[in-house]
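Bear in mind these aren't lab numbers, they're just calculated from the coordinates by the rules spelled out. All of these numbers come straight from a predicted model, not from anything done at the bench. With ideal geometry, Cβ positions are generated from the backbone for all residues, glycine too; neighbour counts draw on all protein chains shown.
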Protein chains: 2
Amino acid sequence: MKQDSQEYKQRKAFFEKLITLYGRNVVVEVLQDSSIEVHKLHLAKSNKPDGAIKKIMQLAKKRGIEITYHEKNALSRISKNAKQDQGVAIDIFSKTYQNADAIKELQEYRLIALDGIQNPQNLGMIIRSCAAGSVDGIILPKKNSAKISPLVIKASAGTLFKIPIYFCDSLENVLGELQDTTVYALSLEAKNSLYDLKPSKKSIFVLGNESEGVSPKVQQLCNDSLIIPMNRGVESLNVAVTASLIAFMRS
Amino acid sequence: MKQDSQEYKQRKAFFEKLITLYGRNVVVEVLQDSSIEVHKLHLAKSNKPDGAIKKIMQLAKKRGIEITYHEKNALSRISKNAKQDQGVAIDIFSKTYQNADAIKELQEYRLIALDGIQNPQNLGMIIRSCAAGSVDGIILPKKNSAKISPLVIKASAGTLFKIPIYFCDSLENVLGELQDTTVYALSLEAKNSLYDLKPSKKSIFVLGNESEGVSPKVQQLCNDSLIIPMNRGVESLNVAVTASLIAFMRS
């Protein structure tokens, strides 16, 4: 029994590391990029094997990638996007996509944590700016958040696999478990300015949902709240802009 | 004859200051916002006077706004967006929207100039970040650039009328005419870092097209090129993020 449980855990750890993408053009791009490690290609049985599908099958064969065939609705359960999957999905691995437990091993970090970001373009832009700037990684909950999708990848402009993305089920659990870490909520109600901050050795900056901001549950786990001072009575910044200003802080 | 020419110039100056918006929801929002000065409402004769159109007519009547009726294709020439105008367009004024000639009167400025920005969301985000940050205005050419549209207004999150927007026909003319001004091109090929810069009293930062960067003609008129240093081999930043980093520079 114990061995079974061990095996189950390993299988779970394996599958939670997979990112499933979909759509014909996206899958062609993935298959053509030899730096992306592919686990499995999924095709709907109803696909006509011509055009893009033919190309996809040839590319997969060339790379020795396993293809599995599914009924249309089973394929949609895999892609989780029946409207846009075009009968094609692909599971990929990324070394930079990892369980947030790995943060505990780090001695020093400046991380961005996302609390309910819904817009895929914002998520992609956040990834791009954090990869380019001085942020060590992004904590991305699997629940109640935009998922890594073709739209996110497009907005990230090819930077998705350049920066550690720490996945978790809920942000509360991660923030509650990390030791010696100062957690800052970016908040429009905060009194302290981001620019007066001397970040601690282990810092996490929490960015909240586009409309609602940081959720009350997560706010409770934060040590401090920070605002980016704004001129002309402007009420808020785009969340990806806020992430960028943090990523390019000169301190 | 001289008087006629004078009158012509005045009329031209009046009309070039108008911003034409379109779409039923947008027009309802504009009419409900008493801070927005409206010149004229345009309706297609083919609109059925119920639902949103009825509401629009009531709002316009209440505010004493002139309504003119057009054939569908004439309305589309006014909106310049037949696909999305829904038979409704509105001309508005904004005190912050002005001819770039006005820059010559300023003693000190830090401006962002846009050279071929195409994406309305980027333009809206640039306006929002510049309004919130320490930029004194945006130079926006009328040609070869995203125009102020409902999409731009949405992405600007209500900040469009909070910051001076200097319109011009072409950026080259404006940059060529300004005295004592240092013009910086943001360029991925630049050697000098934005963060080492001590901006001069009159500074203009030129941001280029999303794919092509600053055009060769405009580049020739720049005094210096600047880069934002990036980590992890990331090749570029979103143009609205670049504008935001300039708008929130700590110098």
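Worth a mention:
- Cα Rg, Dmax (largest Cα-Cα span) when computed across the stretch B:119-251, Å: 14.2, 40
- Net charge over other residues, Cβ less than 10 angstrom from the Cβ of B:Ile78 (K, R count +1; D, E count -1): +1
- Normalised Debye scattering of the stretch B:2-93 at q = 0.11 Å⁻¹ gives log10 I(q)/I(0) of -0.32, counting only Cα atoms as equal scatterers and leaving out solvent.
- Other protein chain Cβ atoms within 10 Å, averaged over every residue that makes up A:123-133: 5
- log10 of Debye I(q)/I(0), alpha-carbon scatterers only, for the stretch A:209-251 at 0.15, 0.21, 0.26 Å⁻¹: -0.47, -0.90, -1.17
- Inter-copy label distances for A:Gly176: 6.7 nm (label point placed 7 Å from Cα along Cα→Cβ; shortest first).
- Nearest-first distances (nm) between copies at B:Tyr8, label 7 Å from Cα via Cβ: 8.6
- For the segment B:150-160, counting C-beta atoms of other chains within 10 Å of every residue's C-beta and taking the mean gives 2.
- Taking all pairs of distinct alpha-carbon atoms in chain A, Kirkwood radius in angstrom: 19.5
- Charge dipole of the stretch A:92-248 about the Cα centre (unit charges at C-beta), most positive-ward option of A:Asn238, A:Ile204, A:Leu194: A:Asn238
- With Cα atoms, 0 to 90° folded angle of helix B:51-63 axis to chain B main axis: 80
- Enclosed volume per residue, in Å³, of the convex hull spanned by Cα atoms of the protein assembly as shown: 209
- Modelled FRET efficiency - R0 45 Å, B:Leu18 with A:Arg63, Cβ distances, 0.05 increments: 0.20
- For the stretch B:72-146: rounded, prolate or oblate by the Cα gyration tensor [a/c cutoff 1.5]: prolate
- Calculated from backbone phi, Karplus (6.51, -1.76, 1.60) coupling profile of the stretch B:40-46 in Hz, x at Gly/Pro: 7, 9, 10, 10, 6, 4, 6
- In units of the rule-of-thumb radius 2.2 N^0.38 Å, the stretch A:180-251 shows an alpha carbon radius of gyration of 1.05.
- Packing order of peptides B:111-118, A:6-13, highest average first: B:111-118, A:6-13 (average count of other Cβ atoms within 10 Å over each peptide's residues).
- 5 angstrom amide H check on B:Val214, placed H, neighbours 5+ away: B:Gly208, B:Asn209
- The amide H of B:His70, built 1.01 Å from its N in the peptide plane, has B:Leu43, B:Ala44, B:Lys45 as neighbours under 5 Å, considering only residues 5 or more places off or on other chains.
- The mean sequence separation of alpha-carbon pairs under 8 Å and at least six residues apart, normalised by the residue count of chain A, gives a relative contact order of 19 percent.
- The stretch B:14-81 and the stretch A:193-251 have Cα centres separated by 39 Å.
- Stretched out straight at 0.36 nm per residue, the stretch from A:Arg11 to A:Glu235 would grow longer than its current Cα-Cα span by 76.0 nm.
- Debye intensity ratio I(q)/I(0), log10, the stretch A:52-184, q values 0.15, 0.17, 0.21 Å⁻¹ (C-alpha model): -0.82, -0.99, -1.28
- Helix axis angle, A:2-16 relative to chain A longest principal axis, alpha carbon, degrees: 80
- Distance between the modelled labels on A:Lys147 and A:Asn73, one decimal in nanometres: 1.8 nm (7 Å Cα→Cβ projection).
- Using θ = phi - 60° and Karplus 6.51 cos²θ - 1.76 cosθ + 1.60, couplings along the stretch A:195-209 (whole Hz; Gly, Pro as x): 7, 9, 6, 10, x, 6, 4, 10, 10, 10, 9, 9, 10, x, 3
- Note on B:Asp180 and A:Lys55: the model spin-label points, each 7 Å out from Cα along the C-beta direction, lie 5.8 nm apart.
- Rounded to the nearest 20 debye, dipole of the stretch A:2-93 from Cβ charges on Lys, Arg, Asp, Glu: 180
- Coupling constants for the stretch B:152-165 follow from the phi torsions by the Karplus curve (6.51 cos²θ - 1.76 cosθ + 1.60, θ = phi - 60°), and in residue order they are 5, 4, 4, 5, 7, 6, x, 9, 3, 9, 9, 10, x, 10 Hz; glycine and proline get x.
- Under-5 Å amide H pairs with A:Gly23, H placed in peptide plane, nonlocal only: A:Val88
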